[in-house]
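Derivation of every value follows stated rules applied to the coordinates shown; laboratory data play no part. Worth saying up front: this structure is predicted, and the values here are computed from it rather than measured. So basically every Cβ, Gly included, is an ideal-geometry build from the backbone, and we count neighbours across all protein chains shown.
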Protein chains: 2
Amino acid sequence: MSENVGILESNSFSMKNIGELDPSMQELVRRRSVLGPCYRLFYQRPLHLVRGVGSHVFDADGTDYLDAYNNIPSVGHCNQRVVDAVTHQMSTLNTHTRYVHENILDYAEDLLSTMPDELDNIMFMCSGSEANDLAVRLAQFISGGEGIIVTKEAYHGNTALISGLSPSIGPNVPMSPTMRMIPTPDTYRLETGDIGGWMCDRISEQISDMRRHGIKFAGVLFDGIFSSDGVFPDDAGFLKPVVDLVHREGGLYIADEVQPGFCRTGDAFWGFQRHGIVPDMVTMGKPMANGIPCSGMAVKHQIIDEYARLYPYFNTFAGSPVAMAAAQATLAELREKNLLQHAHDTGAHLKQAIVEASAASGRIGDVRGAGFFIGAEVVVPGATRPDRLTAVKLVELMREHHVLVSLCGPFGNVLKVRPPLVFSEDDVDIFANALERSLNEL
Amino acid sequence: MSENVGILESNSFSMKNIGELDPSMQELVRRRSVLGPCYRLFYQRPLHLVRGVGSHVFDADGTDYLDAYNNIPSVGHCNQRVVDAVTHQMSTLNTHTRYVHENILDYAEDLLSTMPDELDNIMFMCSGSEANDLAVRLAQFISGGEGIIVTKEAYHGNTALISGLSPSIGPNVPMSPTMRMIPTPDTYRLETGDIGGWMCDRISEQISDMRRHGIKFAGVLFDGIFSSDGVFPDDAGFLKPVVDLVHREGGLYIADEVQPGFCRTGDAFWGFQRHGIVPDMVTMGKPMANGIPCSGMAVKHQIIDEYARLYPYFNTFAGSPVAMAAAQATLAELREKNLLQHAHDTGAHLKQAIVEASAASGRIGDVRGAGFFIGAEVVVPGATRPDRLTAVKLVELMREHHVLVSLCGPFGNVLKVRPPLVFSEDDVDIFANALERSLNEL
């Protein structure tokens, strides 16, 4: 079993423990058998959430949980502006892109204004998976190659094509024969001051290996903050030589912004902007419409013009007036509440608070992050050696102290702290307090 | 260019004609350049819809159009119950399937109650494409084969895997090397009283061809009403020998119910039930949540149990409390307004009205359908020869008479009549009147 499936298993409910749950939860968990066994629940004692507001969620008993994990309700659980926009548009009209509608045009223009000029076209889908599925096809079409490079713990989606480029789903999911992986750019353990150069060397090795197998290089698909690899944001700029190398080798650079996009990193609207690069395609999803299914792909017009000569594209639900209204309201909230600056400032406080709250324990070897995307390495004290079992215990203890976080990274030991962007200074205090207590109870 | 791309082109707006549009529409169409050229607009004069209610939509000038085409707003444009359900749930909580929530359990149980007992598990996705993408992987995994058979004008979705099984997207989209097609089961032109036997012969031929190429047969993916092939519902039961053959050959039968499902055919909740068959997997989408992105795959537990031993599956937005609330409200509307019976009765009246309204013209050679899914063959009078150009003109004329329909079938000549299920007896009269006048003006 891969580390990541391991993580999922160990941080998720197992039917073996059903006897330990209270009767009403036992009943709910049993009823889930209609969903089949592909589904997973978080926590040894699953959460039955019934209400959410801002950065807090409440379970059926009324317990208040601080949400430091969920990045979809980016402008807050049950954000009123988004609710109102959806209600209004659903009551007015909801159709598809084969009729003209202002919502998609207004939103497309508005969203593209946040991007470099070269990225001047945008298409809409329902999920990040669908966005990456199309972006990879574009890279293959334009390059004339098949070979895609991702990182070793990457997750990019669940379609057949994208599952084959998502090693972190688990060891049993076959990787595409034409894809290659580079190791996690682990700035904590790799002894290099030049992580970009290190990545370029690894990518060059893999392109050579592709060549040896008669596979033409098509491009790379990278989440620029390397979320599932363990969160590696620093030093901003390290992706610059990577993009240049990819282009020199005739490939395309796809920035998977499903996680770092929409102000998450606090430094820029898009994660790639921190690195000063211009990708060929940018895919986006999760927080885009605060929970209404909506995703997109921004692309240089030269690329999509070429593709469109041969291929049409239609996506039934995507770009609908309702999805676009939800996305537009989310964007308005990001701006009016100045959540980029807030993510920058309060994210820095959260990071500092994690450092301080964990100092005495010696269990957290590295805290890194940008804005509201923070990774904290749970290690054997005094070493960089990952301590996955302790990390799993810590996540469960945090839950007992009513704070939601999760894990990531190739060793399954990195605390993933990725709250809604409305996370407040008070929330930082609650978080730090729960972390300190949890560490003490290990 | 394939017939179907031809249809799309000819029934869609071309930038060459932009000068013929009024200035405000010209402006809107120009602004669409940010979306890139993969998108298409219906009609030579595109529609700018701004409002919808029941089976009617209204353009920016206030013109009332009868919607005889859109199957997503199945319980009516802007259905109040669905709006209320979404507003309520969005205001309460929206998360994902890794926490316990009643909405997904209630809906899953409720929806499975409409199915044969053998189909006892259900999973949720965001789009029909995603549902088919997973179903095909399941068929391939369980059968140990790769070879999928579809019909020659099939459309099953837009992911990389499913595009390769959707010949109707166009001749430039490469079909999967391991897939095979059978011709459209054209009950109007084929001289056979046994269309099921005819299909079995064609399928057997293709399985033999697969074998010759070292490809193991995995199964079939059929839309049971053959929507994009031209709508072939009769005689109900003809798919029985097909399912038996598929099983004898070690394959799985995937029923793509994105179009015939959810009471559309008037005979049964699901299209496959008209045929008295039990598929191995059933995929669904479009009308499921009346426009909120939501799709699903029902499956026999033996199949998903086997798959789940190796593969987990997670879909960020799918099965969320909001999506499930929308789907549950849609299901409640279907039941309480008795839309199955209504589709049966009023669908029959609509079909009869089309026969009568077109009799004098001699232009409609065959009218066939089940419930609110009707296909009408536009032919050269006195012959079965398809008349595509006339069909395109007819669709444009119907639009001038404020009725929305479209085209399908391998020859692009079949009028596709597929209204919201709340289409009324008055709507039937409006439709028949517009059809008669349009035919007269040809």
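Tabulated data
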item	result
Computed label-point distance, nm, for sites B:Arg437 and A:Asp244 using a 7 Å Cα→Cβ extension	6.7 nm
Cα gyration tensor shape of the stretch A:80-336, rounded if a/c is under 1.5, else prolate or oblate by comparing a/b with b/c	prolate
Computed [θ] at 222 nm, helices only, for the protein assembly as shown once each DSSP H run of length n ≥ 4 contributes -39500 (n - 2.57)	-11500 deg cm²/dmol
Neighbourhood net charge (12 Å Cβ-Cβ; Lys/Arg +1, Asp/Glu -1) for B:Gly251	-1
Calculated label separations, A:His247, copies of the chain, 7 Å along the beta-carbon direction, nm	5.9
For B:Ser208, label point 7 Å along C-beta direction: distances to other copies, nm	5.2
DSSP beta bridge pairing in chain A, given as percent antiparallel to the nearest 5	65 percent
Radius of gyration and Dmax over the Cα atoms of chain A, both given in Å	21.4, 62
Protection proxy ranking, peptides B:189-200, B:424-435, average beta carbon neighbours within 10 Å, highest first	B:424-435, B:189-200
Ranked list, fewest to most other Cβ atoms within 10 Å of each Cβ, for A:Ile18, A:Ile203	A:Ile18, A:Ile203
Subset of A:Lys152/A:Lys337; A:Lys216/A:Lys240; B:Lys152/B:Lys416 violating a 25 Å alpha-carbon distance limit	A:Lys152/A:Lys337
By average C-beta atoms within 10 angstrom, highest first, the peptides B:301-311, A:314-324	A:314-324, B:301-311
Peptide-level mean, for B:120-132, of C-beta atoms on other protein chains within 10 Å	5
Environment charge at B:Tyr69 (Cβ cut-off 9 Å; Lys +1, Arg +1, Asp -1, Glu -1)	+1
Among B:Asn338, A:Gln328, B:Gly371 - extreme Cα towards positive end, dipole of the protein assembly as shown, charges at beta-carbon	B:Gly371
Most to least packed among B:328-335, A:131-138 [average Cβ atoms within 10 Å]	A:131-138, B:328-335
Cα-projected label distance for A:Glu109 with B:Asp61, points at 7 Å along beta-carbon direction, nm	2.3 nm
Rounded Å value of the spacing that divides the Cα centres of the stretch A:410-425 and the stretch A:199-257	25 Å
Free-standing Cys residues across chain B, given no other cysteine C-beta under 4.7 angstrom	B:Cys38, B:Cys78, B:Cys200, B:Cys263, B:Cys294, B:Cys408
Electrostatic dipole magnitude of the protein assembly as shown [Cβ: Lys, Arg +1; Asp, Glu -1; Cα centre; debye, to 20]	1400 debye
Shielding of B:103-111 by partner chains, average beta-carbon count, 10 Å	3
The stretch B:122-195 versus the stretch A:361-395: alpha-carbon centroid distance in Å	47 Å
Cα centre as origin, Lys/Arg/Asp/Glu Cβ charges: the stretch B:80-336 dipole, Debye	640 debye
Three-way shape label, the stretch B:375-442, alpha-carbon gyration tensor, a/c 1.5	prolate
10 Å Cβ neighbours from other chains, averaged over peptide A:81-91	5
The stretch A:209-312: C-alpha gyration tensor shape, a/c 1.5 cut-off, then a/b vs b/c	oblate
Copies compared at A:Arg385 - label distances in nm, ascending, label defined 7 Å from Cα in the Cβ direction	8.4
Reachable lysines, given that their alpha-carbon falls under 24 Å from the alpha-carbon of A:Lys16 and they are not under 8 places away in the same chain	A:Lys393, B:Lys300
